[in-house]
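Take a look at the structure set out below.
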Amino acid sequence: MYRLFIVVLFLLLGSTNTAGASELSASSLIHDLQNGGYILYIRHGDATLGEDQQDLSLTDCTTQRNLNALGKEQAKKFGNAIRKLNIPVYMPVEGSPLCRTVQTAQTAFGIQNVKVNDFWLNIYKLSQNPSTETINSTLQVFTKEVEHTTPSNFNRVIVAHSFPPGLGLGELSSMETVIIQPLGDQRGYKVVGKLKLEDVLRLAGM
């Protein structure tokens, strides 16, 4: 009985320490972001069920999955949290041309503060069973896109899509943020952390 008590106590203490370390790590990431120099790669908010139509038109949102009510609320809260945390953002932020990504970026950062970067649509296309050549070329261009250092004292924001499992930044949940450190031209990038929406809101006291 005594041994069982010791084992349970050890497990409880271990889980508490792990949670504390995770919280410390997240707080450290926020502190780094407040100093600028990073890229926040964000998956769009929650979207309507179903699939995009085969004849999807970038200029017709009715052919696409769009943000649902939850997704709009997620984007609004995310933008408020970023401002509350005093994380400096370089404007305009970038969005994939699909409606749900543009809607997310505009809801979080303002309609006038968003520009479309067509390249990010290629991340969406990685989930459509492309050839190995297309996958490799997309990932090479992705590296070139995120290895450039960002303007001093600001963070670059990209609102785009999840990657397929095992590729690039991997699978991402709605509004999950990957924090990327650009290493400079021809030097690639480093993923320094990931924050789910609930992490960002908790750290912002929301």
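The values are calculated or read from the model by the stated rules, or taken from the named source; none is laboratory data. Nothing here was measured: the structure is a model prediction, and the numbers come from that model. Note that each Cβ is placed from the backbone with ideal geometry, even for glycine, and that neighbours are counted across all protein chains shown. Protein only, heavy atoms only, side chains kept; ligands, DNA and RNA dropped before computing areas. Shrake-Rupley method; radii C 1.70, N 1.55, O 1.52, S 1.80 Å.
In table form, for the structure just shown:
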item: Selection count where residues are closer than 17 Å to residue 159 by Cβ and assigned to a strand (DSSP E or B), scope region 42-66; result: 3
item: Close pairs from region 49-77: first under 21 Å from residue 119 (Cβ atoms), partner β-branched (Val, Ile, Thr), Cβ under 8 Å, at least 6 apart; result: 52/63; 56/63; 57/63; 65/48
item: Selection within region 54-99 - among the hydroxyl-bearing types (Ser, Thr, Tyr), open to solvent by 20 Å² or more (accessible area, probe 1.4 Å) and within 16 Å of residue 111 (Cα to Cα); result: 90
item: Matching option when the condition is open to solvent by 40 Å² or more (accessible area, probe 1.4 Å) and in contact (Cβ under 8 Å) with a residue 40 or more places away in the chain, among 134, 149; result: 149
item: Identity of the residue in region 166-206, among the polar types (S, T, N, Q) and under 12 Å from the mean Cα position of the chain (by Cα), that ends up nearest to residue 140 (Cα to Cα); result: 177
item: Single match in 20, 14 (criterion: under 29 Å from residue 155 (Cα atoms), at pLDDT below 70 and loosely packed, with under 14 Cβ neighbours inside 10 Å); result: 20
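Yes/no per residue for (1) open to solvent by less than 40 Å² (accessible area, probe 1.4 Å); (2) free of Cβ contacts under 8 Å to residues at least 24 places away in the same chain; (3) of a type in the set (Ser, Thr, Tyr):
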{"position": "159", "(1), (2), (3)": "yes, no, no"}
{"position": "165", "(1), (2), (3)": "no, yes, no"}
{"position": "175", "(1), (2), (3)": "yes, no, no"}
{"position": "191", "(1), (2), (3)": "no, yes, no"}
{"position": "197", "(1), (2), (3)": "yes, no, no"}
{"position": "205", "(1), (2), (3)": "no, no, no"}
